[in-house]
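Notes follow the structure.
Coordinate-derived values only; no laboratory data. All values derive from a computational prediction rather than experimental measurement. Positions of Cβ are generated from backbone atoms using ideal geometry, with glycine treated the same way; all protein chains shown enter the neighbour counts.
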Ligand code: CA
């Protein structure tokens, strides 16, 4: 995984100064802006010395090496200032950035002293990475100045920390993981004191070529007065070697869906014209509908917007993909719930319509379809009324009937009723001699009392049933033909 970077830079004396005391350094993997101070000569010497020492002392590609080189630059400027009365009191700001590490661990490390700044434009948002070491920034942080007041404060050029003032200096340092599309801006205060943040963003977004962006920034600062030296370096991450892809996958995106994304796959650094210029519009993103060559400014304005939008588009697709997946999961889940619920309701309904019980309807023993009390909205219905009255039901059976005596099917329900009737009859005073034989254990259809009001076809032949086994041991009553008339 190798990060590919394209840079552009510009510096200008401005409209009021007679000399440019800013210095810049644009090397392979090392970039710096220094803003000198301490009079005409001192300022120029300090800033130039600082970047020269930084370049010379920066050894291995690490953030520690960058910090160490910055300290060496401080010592060098301090020593130089001590040597000559002409240079006494000179100093310089320094903000420097270096691509450090290798492979997966590549980062853009930075160091910072003074009031030059490093910004990062990522996803269209400009963030200031550094904190000014200046009087107005201290006042602002203490709540004594608003950001707007600080921006126009007459003493905003007073720094609280600089290289070359003391033999040692506290240097701010940090690192950023670079992603394709990131655009860093290193600049002196001659830029941001003249150009509003919105204009910075606007230009950084509009000019895809970093050299043109840097030039335009300086141009705008001059248009707005150019009261100070102006320096800026624009650093574009045109290929992160797949880091952003890996990051996207690491946060849980489906790699296959990401692989299939048709847009914003970096195509790499490509100096096609061999002129040292990088076709950023082509390199940042392969957008099928975008112009691929370096075209007019209008093309590049449009290109930059497309790159930004295509990144948004990619993000949008990923977001939508995520939403789609969630939506389908939710739908599938709800559908499964519905199926389960429907299945449950169906089962309850089926059971409710395929079970029976013998209970009381008013004072009449009745066969009901369903469960006593009903299930959900499946209320029991009257299946068959009988001629048996509550008053004749033996006490031992009455409680069952009040609660509803459940039966697995209509045949069993009828047998229960018949048995109940037999039991009632058996309890009645015998009018004839008790039979010598037990009643049949089966319930032939002829036993269905004619008093029953059939609402369903009577079984042609009921099989031996559980009900048959609970026939009381008491002497059986008269034959069924002796059942009371209706
Ligand atoms: Ca300055």
Check: At what distance in nm do the modelled label points of residue 168 and residue 82 sit from each other, each positioned 7 Å from its Cα along Cα→Cβ?
Finding: 1.4 nm
Notebook entry, point to check: What FRET efficiency would be calculated for the residue pair residue 427, residue 354, taking the C-beta separation as r and a Förster radius of 25 Å, to the nearest 0.05?
Noted result: 0.15
Next item on the list: Under 1.5 on a/c is rounded, so check that first for region 13-167, then, if it is not, pick prolate when a/b is larger than b/c and oblate when it is not; a ≥ b ≥ c are the square roots of the alpha carbon gyration tensor eigenvalues.
Entry: oblate
Notebook entry, point to check: What nm value, rounded to one decimal, do you get for the distance between residue 142 and residue 72 when each label is placed 7 Å out toward the C-beta?
Noted result: 3.8 nm
Margin query: I need the peptides 196-206, 410-420, 96-106 ranked by packing, meaning the mean over residues of other C-beta atoms within 10 angstrom, with the highest value on top.
Written below: 410-420, 96-106, 196-206
Check: How much length is gained on full extension from residue 151 to residue 249, taking 0.36 nm per residue of separation minus their Cα-Cα distance?
Finding: 31.1 nm
Next item on the list: Once you have a ≥ b ≥ c as the square roots of the Cα gyration tensor eigenvalues for region 42-134, tell me rounded if a/c is under 1.5, and otherwise prolate or oblate according to whether a/b is larger than b/c.
Entry: oblate
Next item on the list: Would you mind ranking 194, 211 so that the residue whose beta carbon has the fewest other beta carbons within 10 Å leads the list?
Entry: 211, 194
Note to self: Is the C-alpha gyration tensor of region 359-433 telling us rounded, prolate or oblate? Criteria: a/c under 1.5 is rounded; beyond that, a/b larger than b/c is prolate, otherwise oblate.
What the structure shows: prolate
Checklist line | Highest-first arrangement of 15-27, 113-125, where packing means the average Cβ count within 10 Å | finding: 113-125, 15-27
Checklist line | Cβ-based exposure ranking for 245, 337, in which fewest neighbours within 10 Å come first | finding: 337, 245
Item checked: Cβ-derived FRET efficiency at R0 45 Å, residue 333 paired with residue 198, nearest 0.05 -> 0.50
Item checked: Which of 228, 35 has the fewest Cβ neighbours within 10 Å, and the rest in rising order -> 228, 35
